[in-house]
Structure formats: C-alpha cells, structure tokens
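These notes are about the structure you will find just below.
No value in this document is a laboratory result; all are computed from the given coordinates. Everything quoted here is computed from the prediction, not taken from an experiment. All Cβ positions, glycine included, derive from the backbone under ideal geometry; neighbour counts span all protein chains shown.
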Amino acid sequence: MSKAIFIRNASQLVTLEGSSHAPLVKEAMSELRMIENGSVWIEDGIIQAVGTDEELLAEYGGRLGEAEVVDATGKLVTPGLVDPHTHLVHAGSRENEFNMRLQGATYMEIMNAGGGIHATTSATKAASHEQLYQESYARLDQFLLHGVTTVEAKSGYGMEWETELKQLEVAKQLNENHVVDVVSTFMGAHAIPKEFKENPDEYVRLLVEEMIPKVAELGLAEFNDVFCEHGVFTPEQSRIILEAGKRHGLIPKIHADEIVAYEGAELAAEVGAISADHLLKASEKGLAAMAEKGVVGVLLPGTAYFLMAESANGRKMIDTGVPVALSTDCNPGSSPTVSLPFIMNLGCLKMGMTPAEVITAATINAAHAINRGSEIGSLEVGKKGDVTIFNVNNYMKLQYSYGVNHVDTVVKNGVVVVKGGQLCEELSFSKNESA
Ligand SMILES: N=CN[C@@H](CCC(=O)O)C(=O)O
Ligand SMILES: [Zn+2]
C-alpha cells in the first residue's frame, strides 16, 4: 500500500469532472472545470478528494503527517495525459525514409517499394522479444517524462502470427512492469504483407479465421484496428475484418481517410467503432455520421506535420459534434515522437483548436477513445491517482510556450514517478510496488 499523496495549491487544477460517462463534444470541450488554488488527496492509488486547498485542509489537515506533500504552488495540474493511438512496440527507426521524403518521395511510394511499414516489419521480426521489450520500455519512460500515464499500443509490424504474438506479448509485459498503463490493440491489418500482394483477400481470410480468434482467445487485445486506405485495405475488406473482431469481442478502431477520402469515417460509424483515427480527408457525411454515433475522432497532427500534409480539420469536427481526441501516433515512419504536449500545440496551430479543447482532447476524450473514461482522464473521486503537474501557471501557457517540456511532476497510481522533470530512480517502476 502506498503513502497518501497530497497535491496542494495548484494555481489551476483542471478537473474535467463530470464527463466519465461519455466524451465531451462541442462547447463542452472547453469546460475544463478548473479550480484555482486547487488540491487533490490520493490514497491507495485512488483519488479521494478534489477541491480548493482550503477545503481539503479542512478535511485532511489532521493527517498531513501521513502524506507525501507535493507543492503545486504556481503550477498547472491536469489529469495524467492519455495517448490513445501509438505503435509503441516496434524495432528500429527510419531516418533514411525521412531523408527520401525530404527529397520528394511520398510515404505511399516508399511503402509500395517495400519500405515504410514493411521495413519496420522486417526489423521487428528480426528483433528478439527482449530487444523489443527494452526499446519499447525506453519509449514508455519518455512518454512518462512528457506527462503521459496511459498509452494505447498496436501490433501490426508482424502481419504473421509469430511476430504479431511477440508484439502483443511485449505490450502485455510492459503493462505489467512499467508504471505507464499499456492498452493493447491488434492490428494485423496494418498492411498487405508482400507475400499476399497478388491475393489480399487470402490475407483477410487469415486474419478473420485464424489470427483474430487466437488473439481474442488469448486475451491479448481489447481493440481490433485496420488501415483502411487506397492501396491497403478496401472499405469492404475493412468491414469484414472489423466485424470479425466484433464477433470475438474486440472493439473496432480504424485508420480512416488518412491519405485519400475512402469512406473510412462512414465505415467507423456503421460498424460502431470506438474511434476513427487520422481523418485528414474524411467527408462531411462521414463526420456527421461519426458525430451521431459518438465515434471519437482521434486526430494525429504530428503525422500530418511529419509527412508535410495538411492537417485534419479539428475545428470543423468539433463544430460538427465529433468528440475529438489527440494522439502522437508514435511510430517510426510517420510520427517518431512521444511528446503529446507538442501534439497539443499542433492541435492549436494546425487544426484550429483552442488551448482548452486540446487539454480535453488529450485527457478525458482520449480516455474514452480507449474505453477508459470511467477510470482515467479526469480528476475526480474514485478515479486512478494519475496526475501531471506542469511548470506553467495557466493552461494557455502550456500551448503558448512550445517546444519545451514543461512537465515537472507525474503521479501514477498515487505514486510520484517523475520529480523535477526526472524519472524517480528509487522506483523500480513495478506496478505491484506502486499500486
Ligand atoms: N497509417 C498507418 N500506420 C501508421 C504508420 C506506421 C508506419 O509508417 O510505420 C500511422 O498511423 O501513421
Ligand atoms: Zn497509426
């Protein structure tokens, strides 16, 4: 059992209280439910009280000696950030492709020539379980240093059973051993493997009849994702794959309308996906359907930035009523970053979102995109003690002052794991010890 934590006197404490049941939409995305001079009492890993410092002192003043006090005077306190779309578990990097793209090659040209996702697939296949674990563990440390306490992680750099299994097992082990929570998605449908180029439907059959049932049976993923894109999986193939996942209890997610308009947003609404991600080219009809069905739009402005493409229109999506979340899309090809705060800055500057909206998008709405809205994403009684403290005194400054890591302290499951912007070395980062 961990010591109580008393975070005191934040200049702004963003609670986002009251939105655990459904993601926030439209104007409600700007309602941060902020408390000035705010404090939080966490015990046994769970938030016990949230209010002004005066209110909490009245309730817990007699127990001050029992708690580790974190002075947040002059600081911004938010729920631990949530990243709902990453390709965390992979081996290697692709700076050579970065160079090729700077000289005019496109992402799809590189992939169709056997690079891109295929290059990372080869590196991931060749890596041992231990290598993959260590590389991904180091990335999780970096996520934590940037204020992120929960990360979704997709497989998809195998596209054959053995390597998909290795990626999912690494993700499971990371979730067990690292303080950051890792939520798994099966993405065997990340590309058409080279061996199936002439007969992609045969690979779809393999996914539907063999891989998806095995993943579900082993309990290795909660979600099933597909790259629905011209030249990758067609909407019809995507529908077949997502429906198969549903039959096995895997919740659909979809990489939709990233490079060309392909009715991915419409498909997400039709199959009842929890989120549709990318959406750079999504149609108005598709976005309206997503808004109606409450499908979260996970926007990845870091990918557009890195691929030198025009960002998705976050402003229009919010005004249409789509619940919007933000993510790094951390992957070695189109977004090699772990900085969710930088992505939030891009949300403002490239997608017309406000500083308040991007906080909602990286906390409670991101939590809903991975079915965790009732556990994380807001600071309220009964939720996990996941808190990020920034060295700025107001939420607007977090986006205004960009390119700097403002994270001062991170509390995960009620334990201080980052202090003064550094990982706490005394912690072994084992969940069993921190919870
Ligand atoms: N678009 C497809 N998948 C990833 C990129 C993966 C890669 O290039 O390795 C994405 O979400 O951007
Ligand atoms: Zn992705």
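Once the Cα atoms of helix 340-351 and of the chain are each reduced to a long axis, what angle between those two axes, in degrees from 0 to 90 to the nearest 10, is obtained?
70
Between beta-carbons, use under 15 Å as the cut-off and find the net charge around Gly403, counting Lys and Arg +1, Asp and Glu -1.
Counting the neighbours of Gly403, the net charge comes to +2.
So which of Lys166/Lys419; Lys75/Lys412; Lys316/Lys384 end up more than 25 Å apart by C-alpha?
Numbers: Lys166/Lys419 33 Å; Lys75/Lys412 18 Å; Lys316/Lys384 32 Å.
Violating the 25 Å limit, Cα to Cα: Lys166/Lys419; Lys316/Lys384.
Roughly how compact is the range 272-423, stated as its Cα Rg over 2.2 N^0.38 Å to two decimals?
Values: Rg = 15.5 Å, N = 152, 2.2 N^0.38 = 14.8 Å.
The reported ratio for this selection is 1.05.
Write down the Kirkwood hydrodynamic radius of the range 55-132, to one decimal in angstroms, obtained as one divided by the mean of 1/r over all alpha carbon pairs. All intermediate terms of the calculation are to be shown ahead of the outcome.
Working: mean 1/r = 0.0570 Å⁻¹.
When all Cα pairs of the range 55-132 are included, the Kirkwood radius is 17.5 Å.
From the P(r) of the chain, can you give the percent of Cα pairs sitting at distances over 28 Å?
Here the tail beyond 28 Å accounts for 45 percent of pairs.
Tell me, what is a quarter of the convex hull surface for the C-alpha atoms of the range 245-298, in nm² with one decimal? Mind showing how you got there, number by number?
Details: hull surface 12.8 nm².
So the mean shadow area of the Cα hull is 3.2 nm².
Can you compute the helix-only [θ] at 222 nm over the chain? Use -39500 (n - 2.57) per DSSP H run of at least 4 residues, normalise by all residues, nearest 500 deg cm²/dmol. Could you put the intermediate results ahead of the total?
Details: 18 runs with 159 residues, N = 435.
Theoretical 222 nm ellipticity from helices: -10000 deg cm²/dmol.
Looking only at Val295, Val69, Val387, which one moves most when the chain is put into a Gaussian network model with springs between Cα atoms under 10 Å?
Evaluated over the chain, the most mobile residue of the options is Val69.
What is the extension gain from Glu195 to Asp44, computed as 0.36 nm multiplied by their sequence separation minus the C-alpha to C-alpha distance, in nm to one decimal?
Numbers: separation 151, 0.36 × 151 = 54.36 nm, distance 5.10 nm.
Gain on stretching Glu195 to Asp44: 49.3 nm.
Distance from a point 7 Å along Cα→Cβ of Lys125 to each backbone N in the range 206-223: keep the residues under 18 Å and list them by number.
206-207, 211
Which whole-number percent is the relative contact order of the range 360-422 (Cα, under 8 Å, 6+ apart)?
Values: 79 pairs, mean separation 15.1, N = 63.
Across the range 360-422, relative contact order equals 24 percent.
Which angle from 0 to 90°, rounded to the nearest 10, does the C-alpha axis of helix 129-145 make with the longest principal axis of the chain?
Roughly 40 degrees, rounded to the nearest 10.
Work out the charge dipole of the chain with +1 on the Cβ of Lys and Arg and -1 on the Cβ of Asp and Glu about the Cα centre, then indicate which of Tyr305, Ile192, Gln48 is farthest towards its positive end.
Tyr305
Sort the range 197-244 into rounded, prolate or oblate with this rule: let a ≥ b ≥ c be the square roots of the eigenvalues of the Cα gyration tensor; rounded if a/c is under 1.5, and if a/c is not under 1.5, prolate when a/b is larger than b/c, oblate otherwise. The partial results should precede the final answer.
On the way: a/c = 2.49, a/b = 1.63, b/c = 1.52.
Cα axes put the range 197-244 in the prolate bin.
Over the Cα atoms of the range 115-268, what Rg and Dmax result, in angstrom?
15.2, 44
Enter the mean projected area of the convex hull around the alpha-carbon atoms of the range 1-156, in nm², rounded to one decimal. Walk me through the intermediate numbers first.
Numbers: hull surface 55.6 nm².
Seen from a random direction, the Cα hull of the range 1-156 projects 13.9 nm² on average.
For the range 136-222, what is the convex hull volume of its Cα atoms per residue in Å³? The partial results should precede the final answer.
On the way: hull volume 7.6 nm³, N = 87.
Value for the range 136-222: 87 Å³ per residue.
Between Asn199, Asn371, Asn175, find the one with the highest GNM mean-square fluctuation for the chain; connect C-alpha pairs within less than 10 Å.
Looking only at Asn199, Asn371, Asn175, the largest GNM fluctuation is found for Asn199.
As an exercise, identify the trypsin sites (Lys or Arg not before Pro) in the range 154-260 lying in DSSP coil whose Cβ has no more than 11 other Cβ atoms within 10 Å.
On the way: sites: Lys154, Lys166, Lys172, Lys194, Lys197, Arg205, Lys214, Arg239, Lys246, Arg247, Lys253; in loops: Lys197.
Of the trypsin sites (Lys or Arg not before Pro), the ones in loops of the range 154-260 whose Cβ has at most 11 other Cβ atoms within 10 Å are Lys197.
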